[in-house]
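Have a look at the structure below, then the notes.
The values are calculated or read from the model by the stated rules, or taken from the named source; none is laboratory data. Here the structure is a predicted model, which is why all the values come from computation and not from measurement. Quick reminder, even Gly has a Cβ in these numbers, built from the backbone with ideal geometry, and neighbours come from all protein chains shown. Note: accessible area is taken over every heavy atom of the protein model, side chains too, but ligands, DNA and RNA are not part of it. Shrake-Rupley method; radii C 1.70, N 1.55, O 1.52, S 1.80 Å.
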Amino acid sequence: MAEEELDTNTINNLEAGSTSENSSELLAAQQALAARSEEFQALNDKYLRQAAEFDNYKRLAQRDQRDQIRFGNEQLLKELLPVVDNLERAIKAAKDGGSSEVLIQGVDLTLKQLVDALAKFGVQAIPTVGQRFDPSGHQAVASVPSDQVPDQHVVEEFQRGYRLHDRILRAAMVTVSAGAPFENAGDEASNAS
């Protein structure tokens, strides 16, 4: 029996020791869990704030983009309004019986004003007559023989073309030289013999 009592005491001592160790481990685990929970809550709050800020940014960016599309041409239009005013004055002067020469001069000045306003925004006319034919900026609508203009060069412009910086807005419609014309078939035959 003494042995049993010794074993029982040893087991009781072990259980008592392990209970105190278990409770300290349990307390440490609970503290670590509480710390992790607080850290998780802080990170979750940070995430929610960041998500809200991003949503606000997206809304502002979309509004700015809509405004840019809606009012993007405002400066150009402000530059064109004086041109409209001058055209209205020219029409009024013509109706009031002004001379045609004064009307032509007024319209010519208004056209110059319009071209200058477009140039402020990077719109330039594409050079044509006398230039080598360039399919990227010229659209050939006819080909004619010419003694004065070399082969594959522009003879005449039907419609002016325009470029915005490096981009073609509209190609120029032109007539292209096909080179010197042939005299007549009889002269060619006599030259060949």
From (1) open to solvent by less than 100 Å² (accessible area, probe 1.4 Å); (2) under 20 Å from the mean Cα position of the chain (by Cα); (3) closer than 30 Å to VAL115 by Cβ, pick out the condition that doesn't hold for ARG70. (1)
Does SER23 count as open to solvent by less than 90 Å² (accessible area, probe 1.4 Å), modelled with pLDDT of 80 or more and of a type in the set (S, T, N, Q)? yes
Filtering the stretch 146-161 down to residues that are under 30 Å from the mean Cα position of the chain (by Cα) and buried (at least 17 other Cβ atoms within 10 Å of the Cβ) yields GLY161
Matching residues in the stretch 88-102 - criterion: being part of a helix (DSSP H, G or I) and open to solvent by 60 Å² or more (accessible area, probe 1.4 Å): GLU88, ARG89, ILE91, LYS92, LYS95, SER100, GLU101, VAL102
Which listed residue, of GLU157, GLU79, is touching a helix residue (DSSP H, G or I) at 6+ places or on another chain (Cβ under 9 Å) and of a type in the set (Asp, Glu): GLU79
For the subset of the stretch 110-145 comprising residues that are surrounded by 17 or more Cβ atoms within 10 Å (Cβ to Cβ) and of a type in the set (Val, Ile, Thr), which member is nearest to VAL84 (Cα to Cα)? THR110
Looking at VAL123, is it under 30 Å from PRO150 (Cα atoms) and in contact with a Phe, Trp or Tyr (Cβ under 6 Å, 6 or more places away or on another chain)? yes
Kindly check whether there is at least one residue in the stretch 35-56 that is under 30 Å from PHE121 (Cβ atoms), at pLDDT 90 or above, in a helix (DSSP H, G or I) and open to solvent by 90 Å² or more (accessible area, probe 1.4 Å). no
